[in-house]
1. Hey, how many Å between the Cα centroid of segment 18-47 and the Cα centroid of segment 126-195?
2. Over the alpha-carbon set of segment 336-404, work out the extent along each principal axis and list the three values in angstrom, largest first.
3. Quick one: Cα centre-to-centre distance for segment 228-261 and segment 339-378, in angstrom?
4. Can you count the Lys pairs in the chain with C-alpha separation below 22 Å, eight or more apart or on different chains?
5. Rounding to the nearest 10 and keeping the result within 0 to 90°, find how far the Cα-based axis of helix 409-424 lies from the longest principal axis of the chain.
6. Spelling out what I want: for every residue of segment 262-270, take phi, set θ = phi - 60°, compute 6.51 cos²θ - 1.76 cosθ + 1.60 (Karplus), and round to whole Hz; glycine and proline get x.
7. Using modelled amide H (1.01 Å from N, peptide plane; none on Pro or chain starts), what sits under 5 Å from the amide H of D348, excluding residues fewer than 5 places away?
8. Measure nothing fancy, just the Cα-based angle from helix 90-104's long axis to the longest principal axis of the chain, in degrees from 0 to 90, nearest 10.
Amino acid sequence: MVRPGEIHALLGENGAGKSTLMNVLYGLYHPDGGEILIDDKLVSFKGPGDAMAAGIGMVHQHFMLIPVFTVAENVELGHEQTRRLGFLDHRKARRLVAEVSARYGLEVPPDALVADLPVGVQQRVEIVKALIRNASVLILDEPTAVLTPQETDDLMQVMRALRDGGTSIVFITHKLREVRAVADRITVIRRGKVVGEALPTSTSAELASMMVGRPVLLTVDKTVAAPGEPVLQVESLRVVDESGQVVVDDVTFSVRAGEIYAVAGVQGNGQTELTESLIGLTRPTSGRVRIDGDDVTRESIDEILSRGVGYVPEDRSHDGLVGGFTIAENLVLDIFDQAPFAKGMSLDLKVIDDHAQQRVQEFDIRTPSIHSNASTLSGGNQQKLVLARELSRPLRVLVVAQPTRGVDVGSQEFVHRRIIEERDSGAAVVLISSELDEVLGLADRIAVMYRGRIIGEVPGGTSAEEIGLLMAGGSTEQEHQGPAAQTTEGAP
């Protein structure tokens, strides 16, 4: 039950049934049983149009926007404003967007192309679209999965403003901290069933246990690293983007076998471009990348991956998966032409299927079939699919960006353990994460990027306050050493 003017969190693991339940409420799926009541009246929806007419709006995890349309055009699509003789009234649509944006502090530019907007603003467009259609109940499906920490904070403020204005919000998530920060009540769902209700005063450990059905270790358990020789060396790397702006500026560091080197920082300070330079997606303007002493700066992605490099991108949908391929096919994307998956010119489909069944079970990927398309998976299960592919072969270097973005607390524990196992097996691990707790829990050494430069490098175990100061562009004693002085010789 959702009360007027409250934020009701629906908490559960990836694949627990949260999104499916809300898709039923929004009219996208038809229930096999049960009832939906709005203001104590029984309702039945044939489609989303019926749900919207009843005052229900939904912001999907993967936005339903047309990139080449403006904000106003996206908002009015399907509910076009018209003048005499049926002509579209774009002026009225722009005015409605501006009015609703101002009322709730959403700051959405009506005439901007959606393709040019940051992800956080695109999400606001979806919210504005629902509010213009008079939604009294707003469903937010994993709304922070693709947001930076700053965008998440902004969304929390918007949610509180909507609640205070009388809108009821169903907040679908698996992130404990966010639930405790913003929810008024919490319902926990596991394997398609409600297993309990809780208040935001419940501890993270209590909520995690309810979600997963067992005690969950919320801190990372690892031994002290025993680093070997340098495996990955980055020397004076510089990257200039298409607009001519320097986004990676004279970056130098080295990662040794058997250690986790974390690159921390607020999103948008060059981490993405640095990551893409390491695996050949972006060509640096100057500088070198070496693996086991070999210069790979100008090698292709295939050549770099063949050297035993694993890559988990921050954007799984665009860079990690082929949505129209099956789960089994995605698990062998970069090795399908190698034994044992290929025999001569032919694929061994049985071996590929057997491999997929093992990986699905090992990584707990929730899917009805290994032959389902990757696009049908929830965001968290898509992330586990990418991890399953990259962590299922021998690696010299693992480059992993935002590894637990969109992944529930039980799966986070598993992912962290697997990253540590890669370190302990001798891989050099580069971790790029905007989650400070993740960096502090996993890293043996930590570099902080700010405006394209590494402005400080500190050992694992450094306080969050000190790292936070660096992330904001401040200075510490370590900063004065300079990153170049802390490359191959710095101890974790």
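Derivation of every value follows stated rules applied to the coordinates shown; laboratory data play no part. Since the structure is predicted, the reported quantities are computational estimates derived from the model, not experimental observations. Here the Cβ positions follow ideal geometry from the backbone for every residue, glycine too, while neighbour counts run over all protein chains shown.
1. Using only Cα atoms to place each centre, the spacing works out to 19 Å.
2. 37, 33, 19
3. About 34 Å separates the Cα centre of segment 228-261 from the one of segment 339-378.
4. Lysine pair count for the chain: 9.
5. Once rounded, one gets 10 degrees.
6. After applying 6.51 cos²θ - 1.76 cosθ + 1.60, I find 9, 10, 9, x, 5, 3, x, 9, x Hz.
7. Correct list: A342, K343.
8. The two axes meet at around 70 degrees.
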